Amino acid sequence: MPARRFADGEVVMGRWPGSVLYYEVQVTGYNDVTHLYTVKYKDGTELELKESDIRSQSSFKPRKSQSSSSSPSRRNTSRSRSRSPGRPGRGRRRSSSQSRERKEDKKKALQETDLVLLKMNENNTRRYNGEPDSTERNDTSSKILEQKFKPDLDIQRILDQYSLHSRKEEKKKEEIYSEKKIFETVTTTEKASPKTKELEFGGRIGTFMMILFLPATVLYLLLMCKQDDPSLLNFPPPLPALESLWETKVFGIILLWFFLQALFYLLPIGKVVEGLPLSNGRKLQYRINGFYAFVLTAASIGALLYFQFELTYLYDHFLQFAVSAAAFSMALSIFLYVRSLRTPEEELAPGGNSGYLVYDFFTGHELNPRIGSFDLKYFCELRPGLMGWVVINLAMLLAEMKIHNQSMPSLAMVLVNSFQLLYVVDALWNEEAVLTTMDITHDGFGFMLAFGDLVWVPFVYSLQAFYLVSHPTAISWPAASAITVLNCIGYYIFRSANSQKNKFRRNPSDPKLAYLKFIPTATGKGLLVTGWWGFVRHPNYLGDIIMALAWSLPCGFNHILPYFYVIYFICLLIHREARDEHHCKKKYGLAWERYCQRVPYRIFPYIY
């Protein structure tokens, strides 16, 4: 094992990834396995560097130039010796060696001076863009560089004045300026896809258990809703025969639904937009046509009803549909993991690159798996599951009318369908906003998202409608009005907060957002401290929870089962909030600490 060179707490000079520039940093840790040092810059940014990218401060101390170190008398003596007629050969040899040394010094001075000019130009660009100046971020290192390269600036001015640059020197200058581009985007392979070290969800054992636990939870909830008394005391529910859970026709309908939505996704309608920059600087293109696909889906369902197709078939075979969707999501997850094994390193997900098969399979190994221009993760995020949720709710409404011989659906069923339809239509209408979420920008596409999008969303989010079919609840108009107001409040908070964040991320200089104040960060992004994001740190989560409560209230208070979604949603959002906190603290450093001081409450104002 190689000996450790730098100790914790030692102040050294660290090279910024993708750049040839060094900044003053403090060593905060060392990994004995990867042999990487964790260092902290003055702005709070923490990175892992190799030992070869770290140098002691003594190596950056200003050097005395050769001309100033030698006295005038010695210079005159050496000049007279070289001109002595009695020693012509030695004088020529010495003059030729000195000429070579001067050329090498001039070449080195040129390269080092270019770095100074590059640094000055970079800082001017940052000031113009309103970003924190790297010289302001690290005054000590900049002074060292200026003192070191100041004697060589005159050489650069002379070379520029008389155009004395060689072709090789011009080529080197181009390479240095390409380093600047890399520095600005911070796009090295190590930065793009580091190994996942901090495992979530309980690590390998936890993710393995969740692969088994999530399908079992869906099955349990649906079986409980079928019981006459869905009390928690009636556990476990009677299990059906295994052969009754599978039906080939149902699986065929699942495949047909998936490929129908894929066809709508590929239609050349709707605008094409760019997503946020990836770690390698590239921007993927996405076609925004989710709302058009929803309209086409509604027309297709309307045609089926017109031709007397029994949509209540969904209710009668609901368990089989859930099992078939789970089987399909498992097959898709296996396909995604196998293809990710041949994916380039820079295209892997930062949170799913641990090297452990089960963990990477669950969280998603590849960030943006695509077949041509068909983005699998983006497609599954909003299409089959979200629209399937609406179709299932409609099937439950028709099943309630059929089973209870009603000419009209109950008020509770109408409220549940209306609230959740609004949520889905809003998501599809504001489809572009999903491109800035962590699901798209950070999480890989594996079992977690595949199962969540294709099984959990349509079959668990429709739990209230499924419950009301077997357990009808009568509510008064005043109660319905109060629940409607509650849902509208939650929706307003959710939509306005998300729109505010999305517009600011897309274009912080938009004049319409001039009233918003923010804290600048070292990444060039800002942290909003006014508007909804100055009220609590995650106002969109607050709106989500309020809406989830409004969706459950029409089911009454006889059983806790319809409120499973509320309990689950609170637990999920608290987990995601803690995850976001950790991610933001690591990403933004001291700026995030300042933000937390300005905005102390996370989700619930004055509570949490």
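The values are calculated or read from the model by the stated rules, or taken from the named source; none is laboratory data. Note that the coordinates shown come from a computational prediction; the quantities given were computed from them, not determined experimentally. Because the Cβ atoms are built from the backbone with ideal geometry, glycine has one as well, and the counts that use them run over all protein chains shown. What goes into the accessible areas is simple: the full protein's heavy atoms, side chains included, and nothing from ligands, DNA or RNA. Shrake-Rupley method; radii C 1.70, N 1.55, O 1.52, S 1.80 Å.
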Would you confirm, using the coordinates I've provided, whether Gly352 is buried (at least 23 other Cβ atoms within 10 Å of the Cβ), touching a His at 6+ places or on another chain (Cβ under 6 Å) and assigned by the TED database to the domain that holds Val272?
yes
Filtered residues of segment 14-29 (kept if crowded, with 18+ Cβ neighbours inside 10 Å and of a type in the set (Ser, Thr, Tyr)):
Ser19, Tyr22, Tyr23
What helices (runs of 4 or more DSSP H) lie completely within segment 257-353 and have 3 or more residues being in contact (Cβ under 8 Å) with a residue 40 or more places away in the chain and more than 20 Å from Ser462 (Cα to Cα)?
290-306, 318-340
Segment 595-606 residues that are assigned by the TED database to the domain that holds Ile545 and open to solvent by 70 Å² or more (accessible area, probe 1.4 Å), paired with ones that are in a loop (DSSP other than H, G, I, E, B) and modelled with pLDDT under 80 (beta carbon under 8 Å, 6 or more apart):
Tyr601/Ile607; Tyr601/Tyr608; Arg602/Tyr608
If we scan segment 556-577, do we find a residue that is open to solvent by 30 Å² or more (accessible area, probe 1.4 Å) and farther than 30 Å from Thr473 by Cβ?
yes
Report, by residue number, each residue of segment 456-478 that is in contact (Cβ under 8 Å) with a residue 40 or more places away in the chain, assigned to a helix (DSSP H, G or I) and more than 20 Å from Thr312 (Cα to Cα).
Trp456, Trp477
Qualifying positions in segment 541-572 - at pLDDT below 90 and of a type in the set (S, T, N, Q):
Asn558
Starting from residues that are among the hydrophobic types (A, V, I, L, M, F, W, C) and part of a strand (DSSP E or B), keep the ones in segment 520-551 and report whichever is nearest to the chain's Cα centre (by Cα).
Leu527
Quick check: anything in segment 542-550 open to solvent by less than 70 Å² (accessible area, probe 1.4 Å) and either touching a Leu at 6+ places or on another chain (Cβ under 6 Å) or of a type in the set (S, T, N, Q) (or both)?
yes
Do you know which residues across segment 402-449 are under 24 Å from Ile545 (Cβ atoms), touching a residue at least 24 places away in the same chain (Cβ under 8 Å), open to solvent by 20 Å² or more (accessible area, probe 1.4 Å) and not hydrophobic (A, V, I, L, M, F, W, C)?
Asn417, Tyr423, Asn430, Asp439, Thr441, His442
Please work out if Val11 is over 23 Å from Lys195 (Cβ atoms), open to solvent by 20 Å² or more (accessible area, probe 1.4 Å), of a type in the set (Val, Ile, Thr) and at pLDDT below 85.
no
All but one of (1) open to solvent by less than 20 Å² (accessible area, probe 1.4 Å); (2) part of a helix (DSSP H, G or I) hold for Leu398; which doesn't?
(1)
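Conditions tested, residue by residue: (1) open to solvent by 20 Å² or more (accessible area, probe 1.4 Å); (2) out of contact with any His (no Cβ under 7 Å at 6 or more places or on another chain); (3) closer than 25 Å to Pro17 by Cβ.
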| position | (1), (2), (3) |
| --- | --- |
| Pro277 | yes, yes, yes |
| Asn280 | yes, yes, yes |
| Gln320 | yes, yes, no |
| Ser324 | no, yes, no |
| Arg339 | yes, yes, no |
| Pro369 | no, yes, no |
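Quick grid of which residues meet (1) aromatic (Phe, Trp, Tyr); (2) farther than 28 Å from Val39 by Cα; (3) out of contact with any Ser or Thr (no Cβ under 6 Å at 6 or more places or on another chain):
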| position | (1), (2), (3) |
| --- | --- |
| Phe564 | yes, yes, yes |
| Cys571 | no, yes, yes |
| Ile574 | no, yes, yes |
| Glu577 | no, no, yes |
| His583 | no, no, yes |
| Lys587 | no, no, yes |
| Arg594 | no, no, yes |
| Pro605 | no, yes, yes |
